[in-house]
Amino acid sequence: MYPNHQGVSVIRPGPREVYWGDSNSAARLTTLQIGPWKYTENRLTGEASLYDLNQDPAEMQNLIGTGDHEQRRLALRHLLFEGNRRQLLWADA
């Protein structure tokens, strides 16, 4: 069988960070996942969640407001909304 190269660079082999983003306009939820860190925010209420999927794959313990996660939350939030802004600029071009 041929190996599956979906999502794998054949130019630069080796492990890479996973980046995933989604915006559900009906539910007003927007999500960003980089590596094990998953950040979701409700655009209407501002309610947010942050999970370390390596430690909590079932997403049972929201890390917002716990431990030293505020800087990570702010960084992920910035990346999420900057990504959405750039996507809209690209779509309007």
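Here are a few things to note about the model shown:
- Potential extension, Leu74-Leu29 segment - 0.36 nm per residue separation minus Cα distance: 14.5 nm
- For the range 31-73, GluC sites (Glu not before Pro) are listed when DSSP marks them as loop and at most 16 other Cβ atoms sit within 10 Å of their Cβ; the list is Glu47, Glu59.
- Amide H partners (placed H, <5 Å) of Ile64, local residues excluded: Leu50
Computed from the coordinates by the stated procedures, all read-outs in this text should not be read as laboratory data. Owing to the predicted nature of the structure, the values given are computational and were not obtained by experimental measurement. Quick reminder, even Gly has a Cβ in these numbers, built from the backbone with ideal geometry, and neighbours come from all protein chains shown.
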